Every structure is written in C-alpha cells, then in structure tokens.
Amino acid sequence: MKLTESGKAKQQYAVQGGRCFWCRATFPLADMTRDHVIPRGWGGDPDWSNIVLSCEPCNTERGQRLADREAVIEKADDDFAAAWASGDDARIRAALIELQTALEPTGAML
C-alpha cells in the first residue's frame, strides 16, 4: 500500500533511516509502502504498531507470508547498535523504541 506522507509515516521513515525494513536499501518516503509485519490476512493489526516501511518489491515479494520474528528482532537490534555507535540521542531513542516493539511479541524485556 503506497504511503501518504502522514506524520506517522514520516516518523517511521526517520526511525528506519529512510531504508526499507527488509532489504535495507534507501528510498524516498514517496517510494515506500506500509508493510504489515503480521499480514492483515493473518489477523494483523492495521495500526502502526504492526507496520514497517518497505520498498514495493520487498512488500510484494513477501505478500501474505508471516515475517520471521527472529529476522525482525535482528534487524531492529542492528539499527539500535548503529544508533548507539552514532552517539545521536534522538536516533538512539528511536532505535530503542523500534527494538522494544520488536521484542514485545516474544515477551522479552530489555
């Protein structure tokens, strides 16, 4: 689903550093799509707690398949490590939120 440039989309785009969540390539916000981590067809929530931004090829390729939970956590953890190394407080906070969100379904705590 193509994005409208809402505040939430812009916020998520900043959290992801302008990169597709899956392939990590950089895209303009207008070329990103909303991708439900748990697809709507599998009962996934339609709200931003279940959405990452992805490029259209990755979103289309994944289709209605469930995301590998470990892959989601690993990508969020990589983003946090990069943010920590940057020393940018805002980037660290955004990456920490992303990592916490990725860990929530597993019941894990930071």
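Within the range 27-63, the set of residues being of a type in the set (S, T, Y), under 24 Å from A90 (Cβ atoms) and surrounded by 12 or more Cβ atoms within 10 Å (Cβ to Cβ) comprises S54 only. One residue stands out among those in the range 64-73 that are part of a helix (DSSP H, G or I) and surrounded by fewer than 16 Cβ atoms within 10 Å (Cβ to Cβ): the one that is modelled with the highest pLDDT, which is A71.
Condition check ((1) outside the structural domain of K8 (by TED's automatic domain parsing); (2) under 18 Å from Y13 (Cα atoms); (3) modelled with pLDDT of 75 or more) across all residues:
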| site | (1), (2), (3) |
| --- | --- |
| F27 | no, yes, yes |
| R40 | no, no, yes |
| G44 | no, no, yes |
| I51 | no, yes, yes |
| C55 | no, yes, yes |
| T60 | no, no, yes |
| K75 | yes, yes, no |
| D78 | yes, yes, no |
| A85 | yes, no, no |
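The values are calculated or read from the model by the stated rules, or taken from the named source; none is laboratory data. Note that this is a predicted model, so its numbers are computed, not measured. Don't worry about glycine lacking a Cβ; one is built from the backbone with ideal geometry, like all the others, and counts go over all protein chains shown.
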